1. Among the residues of the range 9-36, how many are β-branched (Val, Ile, Thr) and over 21 Å from the mean Cα position of the chain (by Cα)?
2. How many residues, within the range 4-61, are without any contact (Cβ under 8 Å) to a residue 40 or more places away in the chain, among the hydroxyl-bearing types (Ser, Thr, Tyr) and under 25 Å from Phe73 (Cα atoms)?
3. Taking the stated definitions as given, is Asn75 in a helix (DSSP H, G or I) and surrounded by 15 or more Cβ atoms within 10 Å (Cβ to Cβ)?
4. Restricting the first residue to the range 73-85 and requiring it to be under 20 Å from Leu62 (Cα atoms) and polar (S, T, N, Q), which pairs with a second residue that is at pLDDT below 80 and surrounded by fewer than 10 Cβ atoms within 10 Å (Cβ to Cβ) meet a Cβ separation below 9 Å and a spacing of at least six or different chains?
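The values are calculated or read from the model by the stated rules, or taken from the named source; none is laboratory data. Computed from a predicted structure; not experimentally measured. Glycine also receives a Cβ, built like all others from the backbone with ideal geometry; neighbour counts cover every protein chain displayed.
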Amino acid sequence: MKQDILLFSQAFVALLFQLSVAAYYIARLSAIYLNLPNLQHFALMCYEWISDASCLCNPILLLTLCNFIRNDFINFILCRKSIVKINISTIITHRHHRSSQATIH
């Protein structure tokens, strides 16, 4: 339950960044439509911060909140090989084919 709440909070932060990108596009479109160069400049200036923060915060949040992702990442960086167990089950199906010969009456 705790991990679900943590992952939900990470997803919520990602949603906030997506909403801020949407706000950037709305501000940019309204600045172009209403011919407001100051708003367009402000939107362009904010986009750099929004883009950088959204690219940096999501992976860092995942690594700090989710234990198994953090362990997998550390194992990958340290070139440790993890043991993957794969269970292979074979499913055999039998089909009954109709005979290709038709009876003629």
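1. 2
2. 1
3. Taking the combined requirement at face value, the residue does not satisfy it.
4. Cβ pairs passing all conditions: Asn75/Lys81; Asn75/Ser82.
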